[in-house]
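The values are calculated or read from the model by the stated rules, or taken from the named source; none is laboratory data. Please read these numbers as outputs of a predicted model, since none were measured by experiment. Every residue, glycine as well, gets a Cβ built from its backbone with ideal geometry; the counts of neighbours run over all protein chains shown. We work out accessible area using only protein heavy atoms, side chains counted, and drop any ligands, DNA or RNA first. Shrake-Rupley method; radii C 1.70, N 1.55, O 1.52, S 1.80 Å.
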Amino acid sequence: MSQKASLSPDKIIVDRSRVSRNKDVARAVKTTRERLQTNSGAAGSFDKELLALHLSSIQISAAALPLFVIVISLFANSLFTNINLFDWMLASLGVHSIHLLVTARARRSKITTENVTRWRRALIAAQIPVGFCWAWFAVLGCQTCGVDSFFYFKSAVLILALSATSMAQSMLRGATLSTFLPVVAALAYMSFSSRAPTDVALTAVFTTSLIFFVFITSQLYSSNIRVMSFQSEKDDLIAELEVAKSMSDEARRRAEEANLAKSRFLASMSHELRTPLNAILGFSEVMATEVLGPLNNPTYKEYVGDIHTSGQHLLNLINEILDLSRIEAGRYQLNEEAVQLVDITEDCIGMVQLRAKSKSIRIVEQYEPSMPSIWADEKAVRQIVLNILSNAVKFTPQGGEIVVKAGWTASGGQYVSIKDNGPGIAEEEIPVVLSAFGQGSIAIKSAEQGTGLGLPIVQALLHKHDGQFYLKSKLREGTECIAILPAKRVLQTVPAVEETSAVDRKKKSFA
């Protein structure tokens, strides 16, 4: 699937060619999950793969059975003078050649899910003549060769043939049983006819061995099924991870494009917005103060006040958006110096004192004594405290109280806590309030609506200082905001060096 880069000079334009890719990705995820849920260890789902592995193993070991038959014939003819296995050897080699031809034809043809059962039956049918050849060998006798020696030779050959065939045909269900059932039938007939103890013993041993090897091959077949199932699940999981990665890359690309578009918009529009806003604020202030003459209609004066308030609100919004975007883009540089947290807090209280008095709000200050300076950006710390104080004054009702505390944390850092007795925030709305442009239900209903960027800016500035921000609130009980600066930003005072008398330098003496 090709991934073309956008040829647009501006990343604001979204590449629409990604829509079709997302549909293919979703379809691939759905197919993979269905396969993982339905095909976990199902034997029928791997018949084609197992048959392909069986054909490969037959091709690799094609020369093993002819070599085994030839060695047996030569060894028997040299060991036992009165027996001739030449006819049996030719028949076995011919039957094996037919089996190899069927195998080669199956390999050349395209094995599909529809014809896999037919080919498996054909391969099992090709094994039956091999079984009749081994049955022919089982009924061979030699009266003059010595009963015990020929019995042990024939038993060893049959057991070796059974074990070798079982291992070679383990990936073809029923192959071992269909191959050696004629041998069991031939041995049973021979033992029933002769009633010889050696023939009965050979029949019992070979039948038991056949049952054992059938069980072993069935276990090997099940193990192969499980291994292939695990392999398939692993491949599916890898495919799904790759799909998820491509989806996350697409989402990240879109987010980066959106963030770049926002940054370009703010960079290009900040000057265009601030220039007319300064004119609006300046002229509306001149008209409100009636510098050039009185306004005869009082309604006009009220309108001028509304224009100035709205313009000031819009300017504050633009400034806060720019501050937040600079912080998120990593372009906000801290101008760090030694500052007093208590002094900054007192200055901020003085800035909101007028608004607090207009609402009859009492501000209580509680500071721990002898707090050392901290290494921080004074402007950023002032903005942190001022944003929290402004929110507290805004949402505290008439005649309320705000408690401002500054002190030490348990880890050796410093904190500022601002607590009000306002309406509070519902617990489920706290994440909304802490997000950009997020406002709680109380703020939406309030007449003094803000931009929803004060607390996100506080969090971002504290993060730049490696600090922490906590918001604790309950409905009808009030809200407490805590800004914490870490212990590594607290400047430790060094005690003064005590004055000591100067040490006289010793004169060097030369010998």
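Below, the figures for the structure above:
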item	result
Near pairs, Cβ below 7 angstrom, 6+ apart or cross-chain, from the stretch 208-224 (more than 12 Å from Gln169 (Cβ to Cβ) and open to solvent by 40 Å² or more (accessible area, probe 1.4 Å)) to any residue that is assigned to a helix (DSSP H, G or I) and modelled with pLDDT under 85	Asn224/Leu50
Residues located in the stretch 73-91, provided they are in a helix (DSSP H, G or I) and surrounded by 14 or more Cβ atoms within 10 Å (Cβ to Cβ)	Ser73, Ala76, Asn77, Trp88, Met89, Ala91
Pair list, Cβ under 8 Å, 6 or more apart: the stretch 295-320 residue under 17 Å from Pro276 (Cβ atoms), other residue assigned to a helix (DSSP H, G or I) and among the polar types (S, T, N, Q)	Val304/Ser284; Ile307/Ser284; His308/Ser284; Gly311/Ser284; Ile318/Ser270
Residue in the stretch 61-72 that is open to solvent by 90 Å² or more (accessible area, probe 1.4 Å), at pLDDT 65 or above and of a type outside the set (Lys, Arg) present	yes
Residue count for the stretch 384-422, restricted to those that are buried (at least 18 other Cβ atoms within 10 Å of the Cβ), of a type in the set (S, T, N, Q) and in contact with a strand residue (DSSP E or B) (Cβ under 7 Å, 6 or more places away or on another chain)	4
Test: Ala122 is among the hydrophobic types (A, V, I, L, M, F, W, C) and closer than 15 Å to Ile58 by Cβ	yes
Any hit, the stretch 45-57, residues being surrounded by 15 or more Cβ atoms within 10 Å (Cβ to Cβ) and at pLDDT 85 or above	no
Selection within the stretch 240-258 - surrounded by 14 or more Cβ atoms within 10 Å (Cβ to Cβ), modelled with pLDDT of 80 or more and within 28 Å of Glu49 (Cα to Cα)	Val243
Of residues in the stretch 350-368 being open to solvent by 90 Å² or more (accessible area, probe 1.4 Å) and more than 51 Å from the chain's Cα centre (by Cα), the one nearest to Ile402 (Cα to Cα)	Arg362
Residue in the stretch 149-171 that is crowded, with 17+ Cβ neighbours inside 10 Å, farther than 24 Å from Leu93 by Cβ and of a type outside the set (A, V, I, L, M, F, W, C) present	no
Filter result (in a helix (DSSP H, G or I), without any contact (Cβ under 8 Å) to a residue 60 or more places away in the chain and of a type in the set (A, V, I, L, M, F, W, C)) within the stretch 382-403	Leu386, Leu389, Val393
Given (1) modelled with pLDDT under 70; (2) surrounded by 12 or more Cβ atoms within 10 Å (Cβ to Cβ); (3) under 30 Å from Ser218 (Cα atoms), number of the condition Val29 does not satisfy	(3)
One residue from Ala175, Ala185 being surrounded by 18 or more Cβ atoms within 10 Å (Cβ to Cβ), out of contact with any strand residue (DSSP E or B) (no Cβ under 8 Å at 6 or more places or on another chain), among the aliphatic types (A, V, I, L, M) and over 15 Å from Ser92 (Cβ atoms)	Ala175
Residue among Glu378, Glu346 that alone is surrounded by 13 or more Cβ atoms within 10 Å (Cβ to Cβ) and in contact with a strand residue (DSSP E or B) (Cβ under 6 Å, 6 or more places away or on another chain)	Glu378
Any hit, the stretch 259-275, residues being crowded, with 16+ Cβ neighbours inside 10 Å and touching a Lys or Arg at 6+ places or on another chain (Cβ under 7 Å)	no
Residue ID - farthest from the chain's Cα centre (by Cα), chosen from residues in the stretch 192-205 that are surrounded by 15 or more Cβ atoms within 10 Å (Cβ to Cβ) and modelled with pLDDT of 85 or more	Val200
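Table: residues versus (1) in a helix (DSSP H, G or I); (2) within 21 Å of Arg173 (Cα to Cα); (3) open to solvent by 20 Å² or more (accessible area, probe 1.4 Å).
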position: Leu93; (1), (2), (3): yes, no, yes
position: Thr103; (1), (2), (3): yes, yes, no
position: Arg107; (1), (2), (3): yes, yes, yes
position: Ile124; (1), (2), (3): yes, yes, yes
position: Gln127; (1), (2), (3): yes, yes, no
position: Trp134; (1), (2), (3): yes, yes, no
